[in-house]
1. Take Met68, Met37 and order them by how many other Cβ atoms sit within 10 Å, fewest up front.
2. Could you give me the radius of gyration and the Dmax of the stretch 82-230, taking only the C-alpha atoms into account and expressing both in angstrom?
3. So if I place +1 on the C-beta of Lys and Arg and -1 on the C-beta of Asp and Glu, and nothing else carries charge, what would the dipole magnitude of the stretch 50-150 be about its Cα centre? I want it in debye, nearest 20.
4. Would you give the gap between the C-alpha center of the stretch 101-158 and the C-alpha center of the stretch 183-222, rounded to a whole Å?
5. Efficiency by 1/(1 + (r/R0)^6): what FRET value for Gln200 and Glu118, r their Cβ-Cβ distance, R0 = 30 Å, to the nearest 0.05?
6. Round to the nearest 0.05 the FRET efficiency obtained for Phe61 and Ile181 when R0 = 30 Å and r is the Cβ-Cβ distance.
7. Given 0.36 nm per residue, what is the gain on full extension from Lys163 to Ser125 after removing their alpha carbon distance, in nm?
8. Net charge near Thr209: determine it from the other residues with C-beta under 15 Å of the C-beta of Thr209, scoring Lys and Arg +1 and Asp and Glu -1.
Amino acid sequence: MRPIIIAVDGPAGSGKSSVCKGCAEKLGWRYLDTGAMYRAMTWAVLEAGIDPLNIDSVIAFAKTINIMSGLDPQSPSIHVDGKDVSGSIREARVTDSVSAVSAIPQIRELLVQQQRDEARKALQSGTGIVVEGRDITTVVLPNAQLKVFLTASAEVRALRRAKEEAGAAFASQQAVTETQIALQRRDHLDSTRAASPLKQAPDASEIDTSDLTLAEVIQEVVNRAQAVTQ
Ligand code: DC
C-alpha cells in the first residue's frame, strides 16, 4: 500500500494504542504514541520535583530536556535524556498529573513540532506512520490522508482500562467503577481545556469499538486506509 499518515484520536480506553500498534505492525509502518510524550514530560517534571501546576517552571524545565519516541510498533519505547521511561510513564502519579501538564499551550507547541517532524520523516523515507492522540486529526496532522476517531461506551472503556491496570483478563466491579470515575475526570479535563481539546474532526471517520474485537477494528482501519490510497 502507498505510505500515508493515519491519524487516530479518541478518549482513554477507546482502544487507540492496541489498534494503532496493530495497524502499524500489519502494514510494516511506524507508530507514534503522542500520549506517551505528554506522559514522559509529566514524569520528568515530577522527577525534577517541579509542581505540575507551576506553569512557568514547567515551561522553563521542558525546554531543557530531550524526549525521544521509539517508533517500532513491536516495541514502542520512550526516553527522557537517554533514560528509558516506558514503564515509569504509566505510574498513577503520572496519570494523575498528565492532564495539567498537557493543558499548557507551550508544552503542546514543543511536542507537536516533534510529532509533525516524525510524520514528515516517515513519509520522506518512504514509509507510512500511524499517529495516536487527542488532537492529531484536528491540530497536529489535519491533512493526514486517513483520520479516524475511535469511541467506545464508558463502561467498555473502564472495563478495558481496569483489566489493563490489573494485568489480568478480569477486573473486580469495584476496580471498574473506580476506573470509570478516573476516566471520566480525565476525559472531562482533556475535552474542556482551552488548548487543543479532544474533539472529533468533522472529516474523521468514527469507529465505535464497543462490540468489536481488536482484530476487527485493526482490519477496519486497514480497509479504510486501503480505500483512501486507491
Ligand atoms: O493516551 P494517554 O492516556 O496515554 O494520554 C495521556 C494524556 O496525554 C491524556 O490524558 C491527554 C494527553 N494527550 C494530549 O493532550 N494530546 C495528545 N495528542 C495525546 C495525549
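1. Least crowded to most crowded, the residues run Met68, Met37.
2. In Å, with Rg to one decimal and Dmax whole: 16.8, 48.
3. 260 debye
4. Comparing the Cα centres of the stretch 101-158 and the stretch 183-222, I get a distance of 12 Å.
5. Details: r = 23 Å, r/R0 = 0.77.
It comes out at approximately 0.80.
6. Computed FRET efficiency for Phe61 and Ile181 comes out at 0.45.
7. Details: separation 38, 0.36 × 38 = 13.68 nm, distance 3.76 nm.
Going from the current span to full extension adds 9.9 nm.
8. Working: positive: Lys16, Lys21, Arg157, Arg160, Arg161, Lys163, Arg224; negative: Asp9, Glu132, Glu155, Glu164, Glu206, Asp208, Asp211, Glu216, Glu220.
Its environment carries a net charge of -2.
All of the numbers you see were taken from the coordinates with simple rules; none came from a lab. As the structure is a computational prediction, the values presented were derived from the model and not from experiment. Cβ: placed from backbone, ideal geometry, glycine included. Neighbour counts: every protein chain shown.
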